[in-house]
């Protein structure tokens, strides 16, 4: 009799163990989802917020003049200069932005946060860092600058990337931006205001034309611009929780002022 009862008991035990394994796996998966959707955002946003505050404090400190007349002081102020040329009128007749005084600052180091991006429409304030690496820039909640594109306020295309989901997701809502929305980029030397002009709802990650000096899609050739100017490009993944395509927002420089 005991032998005949062993089979059902073994089956019941096996079902119980399987159920425990399924529950454990479900809990692990739930924790992973919580980590990705909540914890990474919390940590990245906190890091990005501290970085913005640090930049503001640094910029508000007076810079010591170089008393030796040379360039030996690492933090010394260098001579101010105006841009060599004002941006020319665009093909659609937009007026050129007014020039502003700027220091000849060295190029930012890789992964260095050096500017603050603000987009009032979506309530975004985020640091801008050099490069688009995940570990050093994007996963920290920063916005990354494509290294071979122009810097803020320069002729050409100041192109930026940011996460749309997880790790602070600074570009979560850039699909809500519309023509005429204002975007500012603040550096140690100046505040640059760009105005949103065009959008590209979807393109391939390989579409390098969207961050070219004159931004224009290589795939949807009707999307973009045709004349040199002072541009801003925002790129992020689309659709949400996918990296299959890229969403692109373009703007043009409309004002700049020294800090």
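Rule-based calculations on the coordinates, nothing more; no lab input. On a predicted model such as this, the values are computed, not experimentally measured, just so you know. Here the Cβ is made from the backbone with ideal geometry for all residues, glycine too, and neighbour counts use every protein chain on show.
Note on residue 202 and residue 61: the model spin-label points, each 7 Å out from Cα along the C-beta direction, lie 4.9 nm apart. Just how many % of Cα pairs in the range 191-243 lie over 12 Å apart, if you round to the nearest whole percent? Cα-Cα pairs of the range 191-243 separated by over 12 Å account for 66 percent.
One chain, two ends: residue 134 and residue 222. Fully extended at 0.36 nm per residue, the span grows by 28.6 nm beyond their Cα-Cα distance. Here 111, 207 are placed in order of increasing Cβ neighbour count within 10 Å, fewest first, which gives 111, 207.
Inter-part distance, the range 183-259 to the range 107-182, computed on C-alpha centroids, equals 11 Å.
Oblate is the label for the range 87-258, because a/c, from the alpha-carbon gyration tensor with a ≥ b ≥ c as root eigenvalues, is 1.5 or above and a/b does not exceed b/c.
Descending by average beta-carbon neighbour count within 10 Å, the peptides 154-164, 191-201 line up as 154-164, 191-201, the highest first.
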